[in-house]
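Chemist: Sharing a structure, written as structure tokens. Questions coming.
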Amino acid sequence: MKRALCPGTFDPVTAGHLDIIERASSLFDEVIVGVALSADKGGGPLFSVEERCAFIRDATAHVPHVTVRPFDTLLVDFAQEMDARVIIKGLRAVTDFEREFQMAQLNYRLDQNIETIFIMSIPEYAYLSSSAVKEIARHGGDVRGLVPDAVCEALATRLKQSR
Ligand code: PNS
């Protein structure tokens, strides 16, 4: 049984994240999407961890063997708890590399039994990030196709409230 963990903040989940989760699910028997609380990340997430998990659950309902779980611990501890030896991360461009390299090295130092594996994003999503989506939505731009429809609606509502 090969189980992989796809961790992230997913604030909110994008089409790029979903592509990585789907491709991971075709490579592993089971994929756990770990949604980090990330309360201290850049002024705090726009969506609660429960909302972020719900968006991913809805958007991956058709993908076999995917489970979505929140976590607020070290990633390697969560991986151990979930009995996952593989961490999957998406890589978009060289700009991602430095941060991902640092995280992978630190995680390796913390637990050498856990491997980090990278899946390259497809060119269509190489430019896509949760922060870019929020910025576009904040200025009233169209984010359809970049995030699930439910996220488009939630962004519009949440950002209208915060204006
Ligand atoms: O969506 P992101 O920002 O790429 O996700 C980053 C995440 C959540 C994977 C990372 O911040 C993380 O692993 N957080 C858990 C705390 C931890 O283990 N930190 C040390 C890893 S360097």
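Bear in mind these aren't lab numbers, they're just calculated from the coordinates by the rules spelled out. Just so it is clear, the model here is predicted, and its values are computed rather than measured. For neighbour counting, all protein chains shown are included, and Cβ atoms are generated from backbone atoms with ideal geometry for every residue, glycine included.
Chemist: Taking the Cα atoms only, what angle lies between the long axis of helix 94-110 and the longest principal axis of the chain, rounded to 10 degrees?
Modeler: Once rounded, one gets 40 degrees.
Chemist: May I pose another question? Using the crude model of +1 on Lys and Arg Cβ and -1 on Asp and Glu Cβ, and no other charge, please compute the dipole size for the chain relative to its Cα centre, in debye to 20.
Modeler: Numbers: 18 positive and 23 negative charges, 66 e Å.
So the magnitude is around 320 debye.
Chemist: What number of lysine-lysine pairs in the chain show an alpha-carbon separation below 24 angstrom, given a sequence spacing of 8 or more or placement on distinct chains?
Modeler: Lysine pairs meeting the criterion: 6.
Chemist: Something else now. Taking the convex hull of the Cα atoms, report for the chain its projected area averaged over all directions, in nm².
Modeler: Average of the hull's projected areas for the chain equals 9.2 nm².
Chemist: Please work out the Cα center distance from the stretch 102-136 to the stretch 11-79, rounded to the nearest Å.
Modeler: Computed from Cα coordinates, the inter-centre distance equals 12 Å.
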